[in-house]
Amino acid sequence: MSADKTTILIVEDEPSIVELVSFTLKEAGWQTLAVHTAGEAWECLQRRTPHLVLLDWMLPDQAGIRLLSRIRADRQLQSLPVIMLTAKSMEEDKVAGLDQGADDYITKPFSPRELAARIKALLRRKSPEHAQDLISIGPVTLDPGSHTVTLNGEKIEIGHAEYRLLKFFMVHPERVFSRNQLLDKVWGDHAVIEERTVDVHVLRLRKALKDAESLIKTVRSVGYMLSEK
């Protein structure tokens, strides 16, 4: 599995729905993982945090809403975007889902196009670094769709780690991040990387940016930021 590709965990026990949803999401350019029970979902979440969870209301081992409560009670997972899939169009169920911390819900049967649009909107809101829109700051443009970076319209060579770092900085311009925060946000909790490795990647990123290297600022005793000022 590609580590930086947006991954969506599907928690659903109906094979036909899993198939439809997986196909829809892959067509939209996302990676999918599918499990059939709340127990399997929890095990999966302990191993690797996806970027979003599609959670069915009715699961064979326990209600999806109980798993949602567990996710929201976990410090590492509490801000994970969750969309509830429900066959229930009952208003009180939707309210209950939102009360428990669901970010959105979609009622079965749903159109694949609507599902993809809802996911896109939620990712843009909750995890702007996983949006697919072009990002331009100064002479630098980053295209998440093709994983390319251009400087004054010319494509530049950039390493995988430096690309991820640049993307994070461009999504959060004018904000200072400590090395620790960058490790957490860019490489994730499960990465075993030392803080000084961040300095190495910043150095490489500046080199890749050539004349635009001054966009990446060092803030003494704090960390780094991207700024045009």
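The values are calculated or read from the model by the stated rules, or taken from the named source; none is laboratory data. The model shown is predicted, which means the values in this text are computed figures rather than measured ones. All Cβ positions, even for glycine, are placed from backbone atoms using ideal geometry, and neighbour counts span all protein chains on display.
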For ASP13, are the conditions met, namely being touching a His at 6+ places or on another chain (Cβ under 6 Å), of a type in the set (Asp, Glu) and surrounded by 13 or more Cβ atoms within 10 Å (Cβ to Cβ)? yes
Contacts under 7 angstrom Cβ, first residue in the stretch 157-172 being more than 15 Å from ASP143 (Cβ to Cβ) and without any contact (Cβ under 8 Å) to a residue 60 or more places away in the chain, partner of a type in the set (A, V, I, L, M) and outside any helix (DSSP H, G or I), 6 or more apart: PHE169/ILE216; PHE169/LEU226
For ASP189: the one exception among (1) modelled with pLDDT under 90; (2) in a helix (DSSP H, G or I): (2)
Are any residues in the stretch 149-162 modelled with pLDDT of 90 or more and touching a helix residue (DSSP H, G or I) at 6+ places or on another chain (Cβ under 9 Å), and if so, which ones? VAL149, LEU151, ASN152, ILE156, GLU157, ILE158, GLU162
Taking interchain pairs and intrachain pairs at least six residues apart, which have beta carbon atoms under 9 angstrom, with the first residue in the stretch 12-34 and in contact (Cβ under 8 Å) with a residue 24 or more places away in the chain and of a type in the set (Gly, Ala, Ser) and the second surrounded by fewer than 17 Cβ atoms within 10 Å (Cβ to Cβ) and not in a helix (DSSP H, G or I)? ALA28/GLN132; GLY29/LYS5; GLY29/GLN132; GLY29/GLY145
Going by what's in this entry, would ILE156 be described as of a type in the set (A, V, I, L, M, F, W, C) and surrounded by fewer than 16 Cβ atoms within 10 Å (Cβ to Cβ)? yes
